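Worksheet: one structure, shown below.
Each value in this text was obtained by applying a stated rule to the coordinates, not by laboratory testing. It should be emphasised that the depicted structure is a prediction, and the values quoted were computed from it without experimental measurement. Note that each Cβ is placed from the backbone with ideal geometry, even for glycine, and that neighbours are counted across all protein chains shown.
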Ligand SMILES: Nc1nc2c(c(=O)[nH]1)N[C@H]1C(S)=C(S)[C@@H](COP(=O)(O)OP(=O)(O)OC[C@H]3O[C@@H](n4cnc5c(=O)[nH]c(N)nc54)[C@H](O)[C@@H]3O)O[C@H]1N2
Ligand SMILES: Nc1nc2c(c(=O)[nH]1)N[C@H]1C(S)=C(S)[C@@H](COP(=O)(O)OP(=O)(O)OC[C@H]3O[C@@H](n4cnc5c(=O)[nH]c(N)nc54)[C@H](O)[C@@H]3O)O[C@H]1N2
Ligand code: SF4
Ligand SMILES: [Mo]
């Protein structure tokens, strides 16, 4: 028997907290001195299966980064200059509370806007901000920056945000990876798809707007023009009906209007779709033939193709294909996007549901630029926002219409407190900066959007300096601003987790700590909708009733009457025109996660510099050589970067990967200078990959 090795690391269970559908189950090396070593994927977790991305494997780089915020800071120089001086937590929290009370006295409580997102996906640390918000009647946030088009489009067909067990990808005969780039954004999809290829000869198809690593690894890679996926989906359905691959028994039993759909797509041939998508007729025919011949096709539908002004319609159209072939009936078949609906968690304690006042306005997260620059419509015709608390997000980098965002944050009459792990661009604009713990330094509960596990991530090590978790900050501010009493303000993170698990019948803290995770996978019949889809009539809807699709969290928006009744190409994207001849997508970089990890040296050196991927022919037409400094722009502003010649792009399509810090660009303007904040139909969202631009040599 081996003698125990002195000072050998102990392995502890945790879960990746980042905003990523994979939510990996982790094994964390706890070293003898109490510090953290390597992070690995848990091998015995059936979804993670031992695989995590490179950026989290080297997490110690981020945890022990020399630039971590350690102490509360108070701005001393002019706004945005970045000069701060250290103060105590007491002084910092008192200053925040005084500023919030002042804003409330001048304009009412809605002048305060707590602003947050998913920098941590932990339910306690991410969502406790709502409890403070509701307890004071501060402005609410309409979350729109990420999921609205995708979720709405998926639910339009199925009635529910849930689908076939993601582990079934490994048992599919074909995996269609549509509008997501899992090699970069959710590595485990590749694990299971490649298992299917190795063990059963399954084919992998990837559909994107440029040759991503996922497209390159696929058996069939389809590169189409941005925003044209619904045309492809219609043509595929056309071929399926034409060639006898529609499952007519299934259609009759499980869908709302198969005859209408068939008549509708009869006019949407591969020739029709080729003209719209830029794909060849042969590519479309080949893909459709593969789908028709493969009952066990698992459509893994991502977010990327929904970040277009017709994104919800495209998501719905893609999900319809599985209903035409009846793929839903088979193990390894169906269409999956996210499992949000399987976690029936009672979040009333964390979020303070009993305190919600529906009359309080909801401000659109993506329109923070408009909100802070006083746009009356964006302010819902209410008072200005004069005070903010920001947690888990970096809007002065990630939010669209960045020029407006920056103008807003520069306002002298706006008080901003940013609680952060790093001096982000948003933190630089703050009046008070509070230092935050990282996930291994606090307790929380996580749920996997791309799988079916609830996971616990315990505090494994002390946070450095005076870092504190989000929960602490919220409870302390609540106390100082005289928030109404709520038991949630007196509970620890562990108590919140225990309460929520028990209230939701998902066990208890003790159980999940022992077992590490809870597998919440619904049974096969339910996940595959074999007893009917989640609409009252049990039918999958080819003809969505958009106004009744459950809205993520704000009221109906529309314009419903302009949306196509059946799946169709909806020509509402930001078309190229004479002044803006290129279509731009701002796809994710592999080594960054939104703006996270752009502070670590390894990630930055892997990404190089902000480049524009452009086809050689397109570039040469403009007198641009590979590596040249170039400028791209539209009516929202202009950005400087460098040309990187890339093969395999459609003519007129350019790609800028990654949300680099503004300062990484020669003139300090980041990629979101160019993106629009107009709300996408029908329930809002930002069309980050739907931009028209001009391109010039700098
Ligand atoms: N490395 C890394 N991982 C990440 C992130 C990151 O920034 N970097 N972000 C995280 C977050 S917050 C999220 S929400 C997820 C999102 O992950 P995904 O679901 O993968 O969505 P996106 O990253 O927006 O884009 C995916 C792909 O869609 C493509 N795309 C854009 N427009 C179209 C279109 O019209 N049609 C088609 N077919 N494809 C299109 C893009 O080029 C991109 O390659 O990833 C998470 N994981
Ligand atoms: N051009 C372009 N822009 C995009 C996108 C795109 O594809 N293209 N993608 C969009 C999408 S999908 C999303 S989701 C948004 C995401 O944008 P953000 O929500 O801003 O995500 P991050 O940029 O990763 O920033 C999260 C911040 O939270 C901090 N943080 C992490 N954990 C904690 C914690 O426990 N406590 C506190 N106080 N802070 C913490 C991190 O340090 C980090 O600075 O970006 C959007 N912006
Ligand atoms: S793949 Fe996503 S969930 Fe997994 S470790 Fe990387 S960032 Fe975290
Ligand atoms: Mo996202």
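Give, in nm to one decimal, the length gained when the segment between residue 376 and residue 490 is fully stretched (0.36 nm per residue of separation minus the Cα-Cα distance).
Details: separation 114, 0.36 × 114 = 41.04 nm, distance 3.75 nm.
Between residue 376 and residue 490, full extension yields 37.3 nm more.
Between the helical axis of 281-293 and the dominant principal axis of the chain, each derived from Cα atoms, what acute angle in degrees is found, rounded to the nearest 10? Helix 281-293 sits at roughly 90 degrees to that axis.
Please work out the Cα convex hull volume for the range 647-698 and give it in Å³ per residue. Present the calculation step by step, with values, prior to reporting the outcome.
Values: hull volume 6.6 nm³, N = 52.
Roughly 127 Å³ of hull volume per residue.
Of 519, 247, the sequence from fewest to most neighbouring Cβ atoms within 10 angstrom is 519, 247.
Using the number of other C-beta atoms within 10 angstrom as an exposure proxy, rank 171, 131, 309 with the fewest first.
Working: 171 19, 131 27, 309 22.
With the fewest neighbours first, 171, 131, 309 line up as 171, 309, 131.
DSSP bridge analysis restricted to the range 582-697 gives an antiparallel fraction near 70%, rounded to the nearest 5. If the Kirkwood radius is taken over C-alpha pairs of the chain, then at 4 °C and 1.567 mPa s the Stokes-Einstein diffusion coefficient equals 50 µm²/s.
Taking the alpha carbon gyration tensor of the range 182-300, what are the square roots of 5 times its eigenvalues, largest first, to the nearest whole Å? Could you put the intermediate results ahead of the total?
On the way: eigenvalues 130, 70, 29 Å².
That gives 25, 19, 12 Å for the three semi-axes.
In the chain, the DSSP beta bridges split such that about 45 percent are antiparallel, to the nearest 5. To the nearest whole percent, what portion of all C-alpha pairs in the range 233-391 is separated by more than 26 angstrom? Within the range 233-391, distances greater than 26 Å cover 48 percent of Cα pairs. As I understand it, the value is the acute angle between the Cα axis of helix 470-480 and the longest principal axis of the Cα atoms of the chain; what does it come to in degrees, rounded to 10? Taking the Cα atoms of the chain, the angle to 470-480 is about 50 degrees. If a paramagnetic tag sat 7 Å from the Cα of residue 60 along the Cα-Cβ line, which residues of the range 457-477 would have the backbone N under 16 Å from that point? Backbone N within reach: 461-462. Of the residues 336, 542, the one with the fewest other Cβ atoms within 10 Å heads the list, and the complete ranking is 336, 542.
Run the numbers on the range 582-697 and let me know its relative contact order in percent, using alpha-carbon pairs under 8 Å that are six or more apart. If you can, show how the numbers build up before the last one.
On the way: 238 pairs, mean separation 42.3, N = 116.
Worked out over the range 582-697, it gives 36 percent.
Once the convex hull of the C-alpha atoms of the range 10-63 is built, how many Å³ does it hold per residue, rounded to a whole number?
In the range 10-63, the Cα convex hull volume per residue is 68 Å³.
The range 560-624 and the range 176-234 have Cα centres separated by 18 Å.
Compute the relative contact order of the range 369-516 as a whole-number percentage, counting only Cα pairs closer than 8 Å that sit 6 or more residues apart in sequence. Don't skip to the answer; put the middle values down first.
Details: 188 pairs, mean separation 22.9, N = 148.
After rounding, I find 15 percent.
For the chain, the relative contact order works out to 19 percent when only alpha carbon pairs closer than 8 Å and six or more residues apart are counted.
May I ask you to give the average projected area over all directions of the convex hull of the Cα atoms of the range 100-150, in nm² rounded to one decimal?
Numbers: hull surface 16.6 nm².
Mean projected area of the Cα convex hull: 4.1 nm².
Specify the inter-centroid distance of the range 500-547 and the range 120-168, based on alpha-carbon positions, in whole Å. About 15 Å separates the Cα centre of the range 500-547 from the one of the range 120-168. Highest-first packing order for the peptide set 644-657, 74-87, 142-155 is 142-155, 644-657, 74-87, based on the mean count of other beta carbon atoms within 10 Å.
Output the 0 to 90 degree angle, nearest 10, between the alpha-carbon long axis of helix 187-200 and the longest principal axis computed from the alpha carbons of the chain. The angle comes out at about 30 degrees. Relative to one another, the C-alpha centroids of the range 20-55 and the range 377-416 are positioned 36 Å apart.
Taking the average, over residues, of other Cβ atoms within 10 Å as the packing measure, peptides 217-229, 118-130 rank 118-130, 217-229 from highest down. Shape class of the range 582-697 from the Cα gyration tensor (axes a ≥ b ≥ c, square roots of the eigenvalues): oblate, since a/c reaches 1.5 or more and a/b does not exceed b/c.
Classify the range 19-147 from the C-alpha gyration tensor, please: rounded if a/c falls under 1.5, else prolate or oblate depending on whether a/b exceeds b/c. Oblate, since a/c reaches 1.5 and b/c is not below a/b.
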